[in-house]
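Q: Could you have a look at this structure, given as structure tokens, before my questions?
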Amino acid sequence: MTIDIADVRRAIDSDTMIPHFQPLVHLRTGKLYGFEVLARWQHPELGAILPPNFIELAEEHGLIGELSRQIFQKAFLIAKDLPGLGRLAVNISPLQLTDLRLPTDIAGWASACGFPLDRLKVEVTETGLLRDLGKARVILHDLKELGCRLALDDFGTGYSSLAHLQSLPFDQLKIDRSFVASMTSKRESRKIVAAILGLGHSLGMETLAEGVETESQADMLVWLGCELGQGWYYGRAVPAEQLPGVLDAPPRAMPVSIAGPGDDWAVSSLEALPTQRLAQLQAIYDGAPVGLCFLDRNLRYVSINDRLAELNGASVAAHIGRRVEEVIPDLFPKVKPYLLRALDGEAIPGVEMNKPNTRRGEPDLHVLLSYQPAYDEAQEVIGVSVALVDITERKRAEDALRMCCVGVVQRLEEMVQAPWVLSSDGQLLEIGARWGQMAGMSKDQAHSLEWTESVHPDDLAPTMNALRQALQSGKAIDIEHRVRLHDGSWRWVRARGAPSFGPEGEIVNWHGGCEDIDARKRRELSLRSKRAS
């Protein structure tokens with residue numbers, strides 16, 4: 001559309017410039033933080049005209065001050081009667097950052113309307129600071145003393161200078177919409193957004209993302225730690241008469257799935273500053289009795305805790321930046337396949353292997369390893385988290401228990417036909433060699449619960465129920481059932497046993513034996529059949 005300065009001047013003189021209000025929200029909860037005030041020209045013929053069509057003309061012809069006064073005062077009067085609006089954010093022109101009267105003017109407009117300045121956030125762009133940084137510094141400090149909050153708008157698109165963040169009293173960084181629009185599809189944009197958020201958090205500043213239009217953008221911003229957002233996903237700019245409907249609308253909260261392993265955890269994690277989160281995680285990382293490290297895609301150590309460094313026989317500093325094959329060359333051929341699978345996105349828990357002991361003369365360690373791929377916000381694998389537990393003592397105890405079971409079975413074998421040892425949960429640990437003569441499977445085939453495969457189908461449910469009741473009650477086992485022989489026929493056996501208890505009264509395992517009762521059982525069944533007939 002063609003707009004000339006005469007049209008703009010008439011609009012200002014006739015007081016047809018009005019404020020519209022776009023919601024600013026807390027990203028995680030969707031609750032209102034406030035509204036950004038945007039100027040609109042309600043043209044009698046063309047309808048609502050957006051700022052790019054008249055702001056530059058107003059600046060060039062010295063009308064921006066009067067235009068700002070009208071917008072500020074109208075917004076203040078509307079907000080005074082709607083306390084639920086929260087903060088108002090108003091963008092000021094770069095030209096106004098050269099006018100030392102601006103803080104006094106804003107204070108006068110707010111006072112006339114009864115609007116408290118601690119609810120006002122003044123937004124400036126970095127290009128506005130370049131005109132006259134000295135005057136801009138004075139104006140911003142004066143606004144800060146009045147109670148206003150200050151935001152640096154469109155950060156990252158202009159002549160971004162860290163010196164401005166250091167020397168000027170900003171409270172908030174606003175991430176430009178151009179980065180937000182492409183962050184879900186372009187890695188570079190994601191990394192820029194993450195860097196801006198990290199910078200803002202490390203300086204104790206709020207961060208707000210502009211142009212949030214999709215749920216995936218909002219999800220990613222929350223994941224990266226952004227606190228606030230605005231955009232069409234949360235609502236377009238509306239005139240004053242539509243504000244009550246916006247205030248009454250339910251908040252658009254993040255999906256439950258974004259919360260992580262529990263609401264309390266999610267709140268404390270997402271609301272903490274990155275430096276605080278890092279300190280919390282580092283304390284957990286270093287204090288864990290488990291060896292932990294993180295490897296990048298080139299299998300270089302990015303971080304490692306003291307426990308794993310000690311197990312590898314080198315200091316933490318000696319690991320950082322070096323490849324795994326350099327630090328543990330003897331073990332690397334064993335772990336390499338698991339690391340490569342994790343880099344392909346596969347989580348691999350519970351890998352047992354022997355690890356050379358770094359202490360000279362000591363036997364090898366037995367360790368339990370897990371490999372977990374680590375993903376960035378776009379679900380790309382960026383490295384591998386490795387956890388290592390030293391289970392040497394546990395394995396020694398298991399081996400000792402197994403040898404003890406073997407000894408018990410050997411002694412029982414002299415007294416019963418097929419001695420056995422069960423774990424406390426009913427898994428078969430050991431059984432005598434005579435079992436192979438009694439049933440149609442070897443002792444190796446009978447381990448754990450595989451022995452149940454030899455039980456007659458009609459006897460399986462009663463047998464398992466009787467075993468389960470004995471395990472739960474601690475009472476003696478006494479079960480009769482049929483087992484399949486090699487030739488497919490069935491033979492009756494009787495399994496009897498009793499629990500062994502530990503020092504705390506807990507059941508450690510069960511000892512017993514199986515005996516062949518086929519002849520007796522068949523006589524009983526024959527006699528029972530004759531009596532019945």
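Q: Sorted by average packing, counted as other Cβ atoms within 10 angstrom per residue and highest first, what order do 296-304, 36-44 take? Intermediate values should be presented prior to the final figure.
A: On the way: 296-304: 17.0, 36-44: 18.9.
By packing density, highest mean first, the sequence is 36-44, 296-304.
Q: Taking the mean number of other Cβ atoms within 10 Å as a proxy for protection, how do you rank 123-130, 6-13 from highest to lowest? Present the calculation step by step, with values, prior to reporting the outcome.
A: Numbers: 123-130: 19.9, 6-13: 15.9.
In decreasing order of mean packing, 123-130, 6-13 become 123-130, 6-13.
Q: Any chance you could check the Cα centroid distance between region 350-386 and region 448-482 for me, in angstrom?
A: Cα centroid to Cα centroid, the span is 40 Å.
Q: Right, here's the next one. Could you please state how large a percent of the accessible area of region 50-181 is carbon and sulfur, counting protein chains only and using a 1.4 Å probe?
A: 53
Q: Per residue, how much accessible area does the chain show when a 1.4 Å probe rolls over the protein heavy atoms, in square angstrom? Write out the running numbers ahead of the final one.
A: Details: 27090 Å² over 533 residues.
Ligands and nucleic acids excluded, the result is 51 Å² per residue.
Q: Moving on. Residue farthest toward the positive end of the dipole of the chain, with Cβ of Lys/Arg at +1 and Asp/Glu at -1: which of Ala466, Leu50, Ala309?
A: Ala466
Q: Also: What's the whole-number percent of alpha carbon pairs in region 305-365 lying beyond 20 angstrom?
A: Working: 603 of 1830 pairs.
Everything past 20 Å amounts to 33 percent.
Q: From the Cα gyration tensor of region 445-533, with a ≥ b ≥ c the square roots of its eigenvalues, which class applies: rounded if a/c is under 1.5, or else prolate if a/b is larger than b/c, or else oblate? Kindly include the intermediate steps, with their values, before the conclusion.
A: Values: a/c = 2.50, a/b = 1.75, b/c = 1.43.
Prolate, because a/c is 1.5 or more and a/b exceeds b/c.
Q: List every residue whose amide H lies under 5 Å from the amide H of Ala374, counting only residues 5 or more places away in sequence or on a different chain, with H placed 1.01 Å from N in the peptide plane.
A: Ile382, Gly383, Val384, Ser385
Q: Among 146-153, 359-366, 101-108, how do they line up by average Cβ neighbours within 10 Å per residue, starting with the highest?
A: Descending packing order for the listed peptides: 146-153, 101-108, 359-366.
Q: Give the long-range amide H neighbours of His43: residues separated by 5 or more places, or on another chain, with amide H under 5 Å away, using H modelled in the peptide plane at 1.01 Å from N.
A: Ala48, Ile49
Q: Ile391's amide H: which non-local residues (gap 5+, or another chain) put their own amide H closer than 5 Å, with H modeled 1.01 Å from N in plane and none for Pro or chain starts?
A: Close amide H contacts, sequence-distant or interchain: His366, Val367, Leu368.
Q: Restricting to the chain, what percent of DSSP beta bridges are antiparallel, rounded to 5? Kindly include the intermediate steps, with their values, before the conclusion.
A: Working: 68 of 91 bridges.
So the antiparallel bridges in the chain amount to around 75 percent.
The values are calculated or read from the model by the stated rules, or taken from the named source; none is laboratory data. In this text the structure is predicted, and so the values were computed from the model without any measurement. Every residue, glycine as well, gets a Cβ built from its backbone with ideal geometry; the counts of neighbours run over all protein chains shown. The protein model used for the area step is the full one, side chains on, heavy atoms only, and it has no ligands, DNA or RNA in it. Shrake-Rupley method; radii C 1.70, N 1.55, O 1.52, S 1.80 Å.
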